[in-house]
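Since the structure comes first, as C-alpha coordinates, the remarks are kept for the end.
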Amino acid sequence: MTSAGDLKGYRGGMVEITKKPAVGRRAVATGTIRLREETVEAIRRGEVKKGDVLTVARVAAIQAVKETPRTIPMCHPIPITGVEVDFQMEPDRISATVSVASVGRTGVEMEALVGVSAALLNVWDMVKYREKDGTGNYPTTCIEEIRVVEKRKGEG
(Lines give C-alpha, C1' and ligand atoms only; values in the text may rest on other atoms or scores of the structure.)
Protein backbone atom coordinates (compact mmCIF):
# COMPACT_ATOMS: atom_id res chain seq x y z
CA MET A 1 0.00 0.00 0.00
CA THR A 2 1.28 3.45 -0.90
CA SER A 3 1.27 6.17 1.73
CA ALA A 4 1.37 9.92 1.22
CA GLY A 5 5.03 9.85 2.28
CA ASP A 6 5.84 7.47 -0.58
CA LEU A 7 4.54 10.07 -3.04
CA LYS A 8 6.84 12.86 -1.87
CA GLY A 9 8.18 14.58 -4.96
CA TYR A 10 5.59 12.94 -7.23
CA ARG A 11 4.76 15.25 -10.09
CA GLY A 12 1.87 13.46 -11.76
CA GLY A 13 -0.90 15.27 -13.54
CA MET A 14 -2.90 15.43 -16.70
CA VAL A 15 -1.03 14.52 -19.87
CA GLU A 16 -0.17 17.52 -22.05
CA ILE A 17 -2.17 17.29 -25.30
CA THR A 18 -1.92 20.85 -26.63
CA LYS A 19 0.17 19.92 -29.67
CA LYS A 20 -1.87 16.87 -30.63
CA PRO A 21 -4.22 17.42 -33.58
CA ALA A 22 -7.96 17.34 -33.00
CA VAL A 23 -9.30 14.31 -34.88
CA GLY A 24 -12.40 12.14 -34.78
CA ARG A 25 -12.23 9.42 -32.16
CA ARG A 26 -14.46 6.54 -31.19
CA ALA A 27 -14.40 3.88 -28.49
CA VAL A 28 -16.74 1.02 -27.70
CA ALA A 29 -16.88 -0.75 -24.34
CA THR A 30 -18.96 -3.68 -23.14
CA GLY A 31 -19.78 -5.38 -19.88
CA THR A 32 -22.23 -7.84 -18.41
CA ILE A 33 -24.31 -8.21 -15.28
CA ARG A 34 -25.30 -11.72 -14.26
CA LEU A 35 -28.75 -11.93 -12.68
CA ARG A 36 -31.27 -14.54 -11.63
CA GLU A 37 -33.40 -15.70 -14.56
CA GLU A 38 -36.52 -14.49 -12.75
CA THR A 39 -35.02 -11.01 -12.51
CA VAL A 40 -34.21 -10.82 -16.21
CA GLU A 41 -37.74 -11.95 -17.00
CA ALA A 42 -39.18 -9.27 -14.68
CA ILE A 43 -37.12 -6.65 -16.54
CA ARG A 44 -38.39 -8.01 -19.85
CA ARG A 45 -42.01 -7.83 -18.65
CA GLY A 46 -41.64 -4.36 -17.10
CA GLU A 47 -42.35 -5.64 -13.58
CA VAL A 48 -39.59 -3.87 -11.64
CA LYS A 49 -40.76 -1.53 -8.85
CA LYS A 50 -38.38 1.31 -9.72
CA GLY A 51 -39.49 1.45 -13.36
CA ASP A 52 -38.09 0.78 -16.80
CA VAL A 53 -34.66 -0.65 -15.99
CA LEU A 54 -33.04 -0.35 -19.40
CA THR A 55 -34.29 3.19 -20.02
CA VAL A 56 -32.88 4.36 -16.69
CA ALA A 57 -29.61 2.49 -17.34
CA ARG A 58 -29.34 4.09 -20.80
CA VAL A 59 -29.81 7.61 -19.41
CA ALA A 60 -27.33 6.87 -16.59
CA ALA A 61 -24.74 5.69 -19.13
CA ILE A 62 -25.09 8.83 -21.23
CA GLN A 63 -24.89 11.05 -18.17
CA ALA A 64 -21.83 9.17 -16.88
CA VAL A 65 -20.05 9.51 -20.23
CA LYS A 66 -20.47 13.29 -20.07
CA GLU A 67 -19.27 13.41 -16.45
CA THR A 68 -16.23 11.11 -16.80
CA PRO A 69 -13.63 13.76 -15.82
CA ARG A 70 -15.46 14.22 -12.51
CA THR A 71 -14.99 10.49 -11.76
CA ILE A 72 -11.57 9.92 -13.33
CA PRO A 73 -9.53 12.97 -12.22
CA MET A 74 -6.77 12.75 -14.84
CA CYS A 75 -9.18 12.54 -17.78
CA HIS A 76 -9.45 15.64 -19.91
CA PRO A 77 -12.89 17.18 -20.35
CA ILE A 78 -13.59 16.56 -24.02
CA PRO A 79 -16.40 17.40 -26.41
CA ILE A 80 -18.62 14.35 -26.74
CA THR A 81 -20.23 14.29 -30.17
CA GLY A 82 -22.23 11.10 -29.79
CA VAL A 83 -23.16 8.30 -27.40
CA GLU A 84 -24.99 5.08 -28.23
CA VAL A 85 -26.10 2.60 -25.57
CA ASP A 86 -27.36 -0.86 -26.43
CA PHE A 87 -28.42 -3.82 -24.32
CA GLN A 88 -28.62 -7.52 -25.05
CA MET A 89 -30.69 -9.73 -22.80
CA GLU A 90 -30.02 -13.41 -22.24
CA PRO A 91 -31.85 -15.66 -19.77
CA ASP A 92 -29.39 -15.02 -16.93
CA ARG A 93 -27.58 -11.81 -17.89
CA ILE A 94 -27.75 -8.42 -19.54
CA SER A 95 -24.87 -7.07 -21.59
CA ALA A 96 -24.38 -3.35 -22.16
CA THR A 97 -22.45 -1.77 -25.01
CA VAL A 98 -21.57 1.92 -25.00
CA SER A 99 -20.12 3.67 -28.07
CA VAL A 100 -18.67 7.15 -27.63
CA ALA A 101 -17.58 9.58 -30.34
CA SER A 102 -15.64 12.81 -30.08
CA VAL A 103 -13.52 15.20 -32.08
CA GLY A 104 -10.56 16.03 -29.92
CA ARG A 105 -6.96 15.52 -28.88
CA THR A 106 -7.42 12.49 -26.66
CA GLY A 107 -9.30 9.20 -26.78
CA VAL A 108 -12.73 8.36 -25.44
CA GLU A 109 -12.16 4.87 -24.06
CA MET A 110 -12.46 5.98 -20.43
CA GLU A 111 -15.79 7.61 -21.25
CA ALA A 112 -17.04 4.36 -22.82
CA LEU A 113 -15.87 2.32 -19.81
CA VAL A 114 -17.49 4.71 -17.33
CA GLY A 115 -20.71 4.62 -19.37
CA VAL A 116 -20.87 0.82 -19.32
CA SER A 117 -20.10 0.74 -15.60
CA ALA A 118 -22.85 3.24 -14.83
CA ALA A 119 -25.37 1.36 -16.96
CA LEU A 120 -24.68 -1.94 -15.22
CA LEU A 121 -24.61 -0.40 -11.74
CA ASN A 122 -28.01 1.16 -12.40
CA VAL A 123 -29.40 -2.20 -13.50
CA TRP A 124 -28.13 -3.66 -10.21
CA ASP A 125 -29.60 -0.80 -8.18
CA MET A 126 -33.02 -1.16 -9.74
CA VAL A 127 -33.29 -4.93 -9.25
CA LYS A 128 -31.31 -5.51 -6.08
CA TYR A 129 -34.45 -6.26 -4.07
CA ARG A 130 -35.08 -9.20 -6.43
CA GLU A 131 -31.48 -10.43 -6.26
CA LYS A 132 -30.93 -10.59 -2.48
CA ASP A 133 -30.96 -13.92 -0.73
CA GLY A 134 -32.32 -14.54 2.79
CA THR A 135 -29.18 -13.05 4.36
CA GLY A 136 -29.29 -9.87 2.27
CA ASN A 137 -26.41 -10.94 0.03
CA TYR A 138 -26.17 -11.30 -3.75
CA PRO A 139 -25.05 -14.85 -4.52
CA THR A 140 -25.83 -14.64 -8.26
CA THR A 141 -25.41 -10.96 -9.11
CA CYS A 142 -22.06 -10.10 -10.65
CA ILE A 143 -20.79 -7.36 -12.94
CA GLU A 144 -18.04 -8.74 -15.15
CA GLU A 145 -15.98 -8.45 -18.29
CA ILE A 146 -16.02 -4.67 -18.59
CA ARG A 147 -13.58 -3.91 -21.37
CA VAL A 148 -12.83 -1.80 -24.42
CA VAL A 149 -13.66 -3.77 -27.56
CA GLU A 150 -12.90 -1.09 -30.15
CA LYS A 151 -10.90 2.12 -30.36
CA ARG A 152 -10.50 4.25 -33.49
CA LYS A 153 -8.66 7.44 -34.19
CA GLY A 154 -8.81 9.71 -37.20
CA GLU A 155 -12.43 9.30 -38.19
CA GLY A 156 -14.16 12.42 -39.48
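Of the residues examined, GLU84 is one that is under 22 Å from LYS151 (Cα atoms) and at pLDDT 95 or above. A single entry from VAL108, VAL127 fulfils the requirement of being of a type in the set (A, V, I, L, M, F, W, C), more than 17 Å from the chain's Cα centre (by Cα), surrounded by 17 or more Cβ atoms within 10 Å (Cβ to Cβ) and farther than 15 Å from VAL59 by Cβ: VAL127. Please list, ordered by residue number, the helices (runs of 4 or more DSSP H) wholly in segment 10-80 having 1 or more residues that are within 15 Å of GLU109 (Cα to Cα), in contact (Cβ under 8 Å) with a residue 24 or more places away in the chain and in contact with a Cys (Cβ under 7 Å, 6 or more places away or on another chain). Those helices (runs of 4 or more DSSP H) span 68-71. Against the list (1) at pLDDT 95 or above; (2) more than 21 Å from CYS142 (Cα to Cα), the condition ILE94 fails is (2). Only one of the listed residues (THR2, THR71, THR18) is at pLDDT below 95, surrounded by fewer than 17 Cβ atoms within 10 Å (Cβ to Cβ) and within 19 Å of VAL148 (Cα to Cα). That residue is THR71. For residues that are among the β-branched types (Val, Ile, Thr) and assigned to a loop (DSSP other than H, G, I, E, B), scanning just segment 129-156, find the one that is modelled with the lowest pLDDT. In this case the residue turns out to be THR140.
CYS75 meets all of the listed conditions (1) touching a Pro at 6+ places or on another chain (Cβ under 6 Å); (2) of a type outside the set (S, T, N, Q); (3) within 15 Å of ARG26 (Cα to Cα) but one, namely (3). Of ILE94, ILE78, all but one fail to be over 23 Å from ALA22 (Cβ atoms) and of a type in the set (A, V, I, L, M); the exception is ILE94.
All of ALA57, ALA29, ALA61 fail the test of being more than 25 Å from LYS153 (Cβ to Cβ) and buried (at least 22 other Cβ atoms within 10 Å of the Cβ), apart from ALA57. Looking only at residues that are hydrophobic (A, V, I, L, M, F, W, C) and more than 20 Å from the chain's Cα centre (by Cα) in segment 37-54, which one is surrounded by the most Cβ atoms within 10 Å (Cβ to Cβ)? Top of the filtered list is VAL48. Checked against (1) within 18 Å of LYS153 (Cα to Cα); (2) at pLDDT 95 or above, VAL48 meets all criteria but (1).
The values are calculated or read from the model by the stated rules, or taken from the named source; none is laboratory data. This one's a predicted model, so the numbers in the text were calculated from it and none came from an experiment. Using ideal geometry, Cβ is built from the backbone for each residue, glycine included, and neighbour counts are taken over all protein chains shown.
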